[in-house]
Amino acid sequence: MTPRKICVVVTARPSYSRVKTVLTAIKNHPELELQLVIAGSALLGRYGNAVDFIEKDGFEIAEKVFMVLEGENPTAMAKTTGLGVMELSNVFYKLHPNAVLTIADRFETIATSIAASYQNIPLVHLQGGEVTGNIDEKVRHANTKLADIHLVASEDAKNRVLKMGENPAKVFNTGCPSIDLAKEIQDSPALNFDPIAKYGGVGTDIDWKSGYIVVMQHPVTTEYVSARKDVEETLKAIHELNIPTFWFWPNVDAGSDGTSSGIRSFRETQKPENIHFFKNMEPNDFLRLLRNSQCLIGNSSVGIRECAFLGVPVVNIGTRQNRRHRGCNVSDVVYDKTQIIDAIQERMQNTTIIPENIYGVGDSGEKIAIVLAETELTFHKTIVY
């Protein structure tokens with residue numbers, strides 16, 4: 001029997017951790033063949049060179065697609081997506097996959113969905129049915145309507161996909177594959193590396209061994225004009241608290257230039273001695289860093305997903321994760337220095353936070369490979385009601 005060719009498209013740094021165990025499970029399944037395409041900001045050095053970590057992990061890359069246009073504003077996002085449609089259409093024509101897998105809800109993922117579905121290639125969507133703020137909300141649900149097979153991360157998400165008229169036989173609650181990595185860390189949680197020695201970064205050589213916090217704050221694409229002002233509130237709060245801090249640079253989105261320039265300006269004028277900055281880390285190292293931190297601050301979905309599983313306290317700022325199902329580990333605040341400081345202090349002192357299995361139990365990669373191998377692949381569908 002000829003293996004099914006499954007083309008997985010990774011377009012950004014966070015997408016790799018979302019799909020790493022799926023790639024491994026596809027690669028190891030006797031009835032599947034992995035075709036891995038790396039595109040977008042996952043190829044760019046200023047966003048952490050995710051492609052280097054992917055190759056280091058032993059995955060063979062079938063194609064690389066350079067598609068990110070400069071500008072970091074809504075027009076650049078739209079043009080990047082358009083270029084992605086053109087380039088990925090050629091890639092799929094060349095590779096002839098039996099199915100294409102697109103990941104979650106970043107703006108450029110819609111390019112993968114359009115390029116596949118318009119060529120009658122069955123489309124598999126990972127992590128549909130969730131609720132958030134910004135452009136991700138529209139992209140996620142558009143991906144769902146273009147997709148033929150749905151791999152959701154929770155019952156809550158599954159119910160939303162079904163309400164959108166999708167065939168119940170094609171909707172599977174597999175959990176989130178990033179929880180597979182979190183389970184590995186939970187089983188062996190010790191921080192077994194020196195973050196600064198291994199990854200370099202910029203800023204003061206902070207005394208992190210006595211306790212530290214982590215910040216990951218991205219711009220909100222529908223509020224991109226306030227990105228610099230928003231990050232400045234967080235910077236002032238972290239600086240005033242004077243707790244050793246590992247801070248990660250933002251994703252490529254409308255407003256990321258504002259977030260980045262705000263960080264650079266603050267670093268140059270205030271010279272904070274308690275903050276060290278990184279572009280990226282290997283997924284397992286990043287989760288290990290979070291597991292041993294006192295708190296995660298910002299607006300990344302890792303605070304909602306992996307940190308809930310790991311029981312890590314989180315201060316979620318702003319609307320980026322609006323209405324996404326969250327655990328007892330999360331405290332929500334607005335972009336206000338005083339609120340952020342108060343919330344961090346409360347989270348660090350809170351003794352009631354416990355791990356929660358909201359987005360799976362750590363076996364998603366294997367479940368997804370089985371679905372991909374056994375589910376009928378079709379590209380024609382109608383609303384079922």
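The values are calculated or read from the model by the stated rules, or taken from the named source; none is laboratory data. Being a predicted model, the structure only gives us computed values, none of them experimental. Note: ideal-geometry Cβ built from the backbone for every residue, glycine included; neighbour counts use all protein chains shown.
A few remarks follow.
- Residue, farthest from Lys5 (Cα to Cα), within the range 72-98, restricted to residues that are surrounded by fewer than 23 Cβ atoms within 10 Å (Cβ to Cβ) and small (Gly, Ala, Ser): Ala76
- Candidate set: the range 131-188, residues that are closer than 12 Å to Ala104 by Cα and among the basic types (Lys, Arg); chosen: the one surrounded by the most Cβ atoms within 10 Å (Cβ to Cβ): Arg140
- Qualifying residue in the range 178-188 (condition: more than 23 Å from the chain's Cα centre (by Cα), assigned to a loop (DSSP other than H, G, I, E, B), more than 30 Å from Arg4 (Cα to Cα) and not assigned by TED's automatic domain parsing to the domain that holds Ala76): no
- Only residues that are part of a loop (DSSP other than H, G, I, E, B), more than 23 Å from Tyr359 (Cα to Cα), out of contact with any helix residue (DSSP H, G or I) (no Cβ under 6 Å at 6 or more places or on another chain) and not acidic (Asp, Glu) were counted in the range 191-219, giving 8.
Residue-wise test of (1) in contact with a Cys (Cβ under 6 Å, 6 or more places away or on another chain); (2) aromatic (Phe, Trp, Tyr); (3) not in a helix (DSSP H, G or I).
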site	(1), (2), (3)
Glu268	no, no, no
Glu273	no, no, yes
Phe277	no, yes, yes
Met281	no, no, yes
Phe286	no, yes, no
Val302	no, no, no
Ala308	no, no, no
Val312	no, no, yes
Val315	no, no, yes
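- Members of the range 122-142 found to be at negative phi, in contact with a helix residue (DSSP H, G or I) (Cβ under 6 Å, 6 or more places away or on another chain) and outside any helix (DSSP H, G or I), listed by number: Leu123, His125, Gly128, Glu130
- The one condition in (1) more than 18 Å from the chain's Cα centre (by Cα); (2) not assigned by TED's automatic domain parsing to the domain that holds Asn167 that Ile370 fails to fulfil: (2)
- Contacts under 7 angstrom Cβ, first residue in the range 360-385 being on the phi < 0 side of the Ramachandran plot and part of a helix (DSSP H, G or I), partner surrounded by 13 or more Cβ atoms within 10 Å (Cβ to Cβ) and among the basic types (Lys, Arg), 6 or more apart: Leu372/Arg4; Ala373/Arg4
- The range 9-118 holds helices (runs of 4 or more DSSP H) entirely within its bounds, and those carrying 3 or more residues that are within 22 Å of Trp249 (Cβ to Cβ) and among the aliphatic types (A, V, I, L, M) map to 50-56.
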